[in-house]
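A.B. asks: This is the structure I want to talk about, given as structure tokens.
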Amino acid sequence: KCAGMPPSVISCLLDFSFPDIFSGDDLQQALKSRKKKKKKKNKDDVDRAFRESQAVIDKETRRNQQSAVLEAMFEIYFRVLKTLTSSLKGMCSSVEQDQARWAPSKFEKRFPLVTPTLDGLAKFSHLIR
């Protein structure tokens, strides 16, 4: 339920960045590099052991974690939009009668989560594959 939630809860998600997730343009380049990695997979056990001893997070692991966070963010965004549409269905019958109800200031007061949700969708939508 989104009722009574302050907009800052949603707007804080705008501070995330996902540097390891490829955009749609970089997808082809990533697929080419994966093919090269498969060819070099049996390169050397020493390099693999050295990387493990450094305790550095692998880029593939980091990318998977960031993808999971991004998926959860979009789930939140779409849940807010779903709540909005279900609320609007009940109001649509009286829209023709009362145009003042749809003034931007009143709409934003009634649905405060819509603005940060749309901002988040605009910022991260290029990362959807």
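The values are calculated or read from the model by the stated rules, or taken from the named source; none is laboratory data. Remember, it's a predicted structure, so these values are computed and weren't measured experimentally. The accessibility values were calculated without ligands, DNA or RNA, using every heavy atom of the protein model including side chains. Shrake-Rupley method; radii C 1.70, N 1.55, O 1.52, S 1.80 Å.
A.B. asks: Any idea which of LYS43, LYS37, LYS109 is assigned to a helix (DSSP H, G or I) and modelled with pLDDT under 70? So that I can check it myself, show each step before the final result.
C.D. replies: Numbers: LYS43 fails: assigned to a helix (DSSP H, G or I); LYS109 fails: modelled with pLDDT under 70.
After ruling out the rest, the residue left standing is LYS37.
A.B. asks: Could you tell me how many of the residues in the stretch 1-11 are open to solvent by 70 Å² or more (accessible area, probe 1.4 Å) and modelled with pLDDT of 85 or more? Full working, then the answer.
C.D. replies: Residues of the stretch 1-11 open to solvent by 70 Å² or more (accessible area, probe 1.4 Å): 1, 3-4, 8.
Still in the running and modelled with pLDDT of 85 or more: 8.
Counting residues in the stretch 1-11 that are open to solvent by 70 Å² or more (accessible area, probe 1.4 Å) and modelled with pLDDT of 85 or more gives 1.
A.B. asks: Tell me, which residue of the stretch 65-102 that is at pLDDT below 90 and among the hydroxyl-bearing types (Ser, Thr, Tyr) is most open to solvent (accessible area, probe 1.4 Å)?
C.D. replies: For the stretch 65-102, the residue satisfying everything is SER93.
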